[in-house]
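Written out below as structure tokens is the structure these notes cover.
The values are calculated or read from the model by the stated rules, or taken from the named source; none is laboratory data. Everything numeric here is computed off the predicted structure, so don't read it as measured data. Every residue, glycine among them, receives a Cβ derived from its backbone with ideal geometry; neighbour counts consider all protein chains shown.
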Amino acid sequence: MSIAQHDLDHQRGTNARVLAYLLQPENDMYVVTQENGKRKTTLEFLQLVTLQHPEIRVVLDVGAQILDFSNHQVAKAWLDIARTVDGAIYFNENDELVVLTRNGITQPMSSSPLSRQLDRCIVYLDHAHTRGTDIKLPTGSRAAVTLGPRVTKDTLVQGSFWRLHSIVNITVCVSRLHADAQAGSRSLSHVFCAARG
């Protein structure tokens, strides 16, 4: 017995529309997070993200590149670096969406005063939570999305789709690319060509 997939009419072309959005000129930037064959540490990566202009307030670890820090450690380290925000939103070890405030208090997102002031927060979503999470970010937010050697175009699209309605610019952060993609211009379309199917 074989199984056939039948897409709903209103969903046909969704991946193509999202891919077209991701390939818009304002999103056509990527940063290689590896120097001299060595990947940046999480702290170096967060410092790199913080130095970007306009300011990046969202990190989506679609490529599972942040492995040496817990989500809480990422939130705390980024909050220590990003001095213009009051809180960091992330999923804790119990898969609960929480806010870490500048004064070190961690509370559920649902009961935090910062849940209504997302323009004063940074957001970190680890690989496991980049799909299926919906946070209503302020219009014009900017995100960094990590890629890794096993990220496919479909994974990238699924990990990015939840926030397309509010994020204006996306910077893709990659640790390694195929040699032909690195040799070309730093174009996001080269990154998509380097991603597998």
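Among the residues of region 33-47, write down those that are in contact with a helix residue (DSSP H, G or I) (Cβ under 7 Å, 6 or more places away or on another chain) and modelled with pLDDT under 75.
Answer for region 33-47, where residues must be in contact with a helix residue (DSSP H, G or I) (Cβ under 7 Å, 6 or more places away or on another chain) and modelled with pLDDT under 75: just 33.
Please identify the pairs in which a residue from region 134-158 that is farther than 20 Å from residue 31 by Cβ has its Cβ atom under 8 Å from the Cβ atom of a residue that is of a type in the set (S, T, N, Q) and modelled with pLDDT of 80 or more, counting only partners at least 6 apart or on another chain.
Between residues of region 134-158 that are farther than 20 Å from residue 31 by Cβ and residues that are of a type in the set (S, T, N, Q) and modelled with pLDDT of 80 or more, the close pairs are 158/130.
If I ask for residues that are surrounded by 15 or more Cβ atoms within 10 Å (Cβ to Cβ) and either modelled with pLDDT of 90 or more or aliphatic (A, V, I, L, M) (or both), which ones from region 48-60 would you list? Don't jump to the end; show me each part of the working.
Looking only at region 48-60, we keep the residues that are surrounded by 15 or more Cβ atoms within 10 Å (Cβ to Cβ), and these are 48-50, 52, 56-60.
Listed by number, the residues that qualify are 48, 49, 50, 56, 57, 58, 59, 60.
Collect the residues in region 38-55 that are of a type in the set (Ser, Thr, Tyr) and assigned to a helix (DSSP H, G or I), keeping them in residue-number order. Break it down into steps so the answer makes sense when it comes.
Within region 38-55, the first condition is being of a type in the set (Ser, Thr, Tyr), and the residues that meet it are 41-42, 50.
Hits for region 38-55 are 42, 50.
Taking the residues in region 79-110 that are of a type in the set (Gly, Ala, Ser) and more than 26 Å from residue 132 (Cα to Cα) as candidates, determine which candidate is surrounded by the fewest Cβ atoms within 10 Å (Cβ to Cβ). Write out each step before concluding.
Looking only at region 79-110, we keep the residues that are of a type in the set (Gly, Ala, Ser), and these are 82, 87-88, 104, 110.
Applying the additional criterion that residues be more than 26 Å from residue 132 (Cα to Cα) yields 82, 104.
Values: 82: 20, 104: 8.
Here the residue is 104.
What number goes with the only condition from (1) surrounded by 15 or more Cβ atoms within 10 Å (Cβ to Cβ); (2) out of contact with any Pro (no Cβ under 6 Å at 6 or more places or on another chain); (3) within 21 Å of residue 52 (Cα to Cα) that residue 118 does not pass?
The failed condition is (2).
Counting only residues that are buried (at least 16 other Cβ atoms within 10 Å of the Cβ), at pLDDT below 70 and within 24 Å of residue 109 (Cα to Cα), how many does region 145-165 have?
6
Mind checking which strands (runs of 3 or more DSSP E) fall wholly inside region 64-144 and carry at least 2 residues that are more than 19 Å from residue 40 (Cβ to Cβ), modelled with pLDDT of 95 or more and in contact with a Gly (Cβ under 7 Å, 6 or more places away or on another chain)?
Numbers: elements: 87-91, 97-101, 106-108, 121-125.
The strands (runs of 3 or more DSSP E) meeting that bar are 97-101.
Please verify whether residue 126 is farther than 26 Å from residue 53 by Cβ and acidic (Asp, Glu), treating the condition exactly as stated. Talk me through it step by step, then tell me what you get.
Details: farther than 26 Å from residue 53 by Cβ: no; acidic (Asp, Glu): yes.
No.
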